[in-house]
Structure formats: structure tokens, C-alpha cells
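The values are calculated or read from the model by the stated rules, or taken from the named source; none is laboratory data. Quantities reported herein were computed from a predicted structural model and do not represent experimental measurements. Note that each Cβ is placed from the backbone with ideal geometry, even for glycine, and that neighbours are counted across all protein chains shown. Remember, those area values only see protein heavy atoms, side chains included, never the ligands or the DNA or RNA. Shrake-Rupley method; radii C 1.70, N 1.55, O 1.52, S 1.80 Å.
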Amino acid sequence: MRKINRILGVSTSMHFGSRSRQFLESLDLDKYDGVEYKQMNLVDDEYQDLNCIACENCVSSNSCKLEGNNIILDAFLQSDIIIISAPIYYGSLTGKTKLLMECFHPFRAKQLEGKELILVLSSAKEGQEGIAVMQFLIWCHTHQIKLVQVVTIHDETTENDNIRMIDDIR
């Protein structure tokens, strides 16, 4: 029996037509046999309440008391591979991306251990991804997630570059 890879794509951009979201959609992963693909776009209404209020409810219950956060946490738990596509503003991650990372505070017992992360960073210019990669490395280490690939897209990325990067991910 062939293993099904459950892949979750998450766009943290707050623009509906963003490069981050378009890149995830262009992967077209749900058409492959053996792949269950789900995409979450944090700009969509159902994810607008994403937030950590530091209530510490998760310390005793291992879950968040904010239902919107639990939807995302559960999606991560159910996935084998996670692709986070995030814009970079001023050389760093956006506030929405950082909020996403903070919502994993309930996962103190390494529930995400062994999951694989592909990071897609979008910026205006090449070479702005350094701090963002460092921030994700710390987050991955904390949760024992394997950062397996970093892809950068920017204004100078050509269509051929996009095709090559998409093929590498597939």
C-alpha cells in the first residue's frame, strides 16, 4: 500500500493576490496521486482571529482556548509536510507570520517532531531572507521540525526560475 503524503500549504501574506499565495497555488499539488493537499491563506476571514493572548491555558490542556488557533494547530498536526510561504518586510518576517509561529506555544511536548518544512520567502529583492531564515530555524528547533528546503522568490525571479523551484518542491 502506497503512503499518502499529507501536505499543508500556508500563505501568511495579507494580500489576496500576493506572490506568496500565487506560488503555493502554482504548485498544483492536489493533482498528484498519493498526495492530500490543503492550502490555508491567513488573509481569509476564517483565520483573522489568529492570535496568542498568553493566557497559559495551553500549559495544562495542551490546546489553545482560541478555536481559530486550534484549526491551524490541528492542520499542522495532520500534515507530514508543511510549506509556509511568507513575505519579508524590511528584512524580517511579517507580524502575521510571527503570530502564526506564536500560536504553536501549546506544542511543548514536541507534537510536531519529525514533520518537514519547506519555507518559501518572498521579498522585493534577492538577499533579504537572512533574518527570516534565522527566525524559522529557531522555531523549527524548538518544535523539532526538519527544515528541508528554503526557496526565495522576489521581483527579479523569472518564470523559468519559478518553474524550476516548483519542480524542485514537487
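Counting residues in the range 131-151 that are part of a loop (DSSP other than H, G, I, E, B), open to solvent by 80 Å² or more (accessible area, probe 1.4 Å) and not small (G, A, S) gives zero.
Among the residues making up the range 45-91, those that are surrounded by 12 or more Cβ atoms within 10 Å (Cβ to Cβ), of a type outside the set (F, W, Y), without any contact (Cβ under 8 Å) to a residue 60 or more places away in the chain and not in a helix (DSSP H, G or I) are Q48, L50, N51, C52, N62, S63, C64, K65, L66, I88, G91. Does S92 satisfy the criteria of being touching a Pro at 6+ places or on another chain (Cβ under 6 Å) and either at negative phi or among the aromatic types (F, W, Y) (or both)? Considered against the rule, which asks whether it is touching a Pro at 6+ places or on another chain (Cβ under 6 Å) and either at negative phi or among the aromatic types (F, W, Y) (or both), S92 comes out as no.
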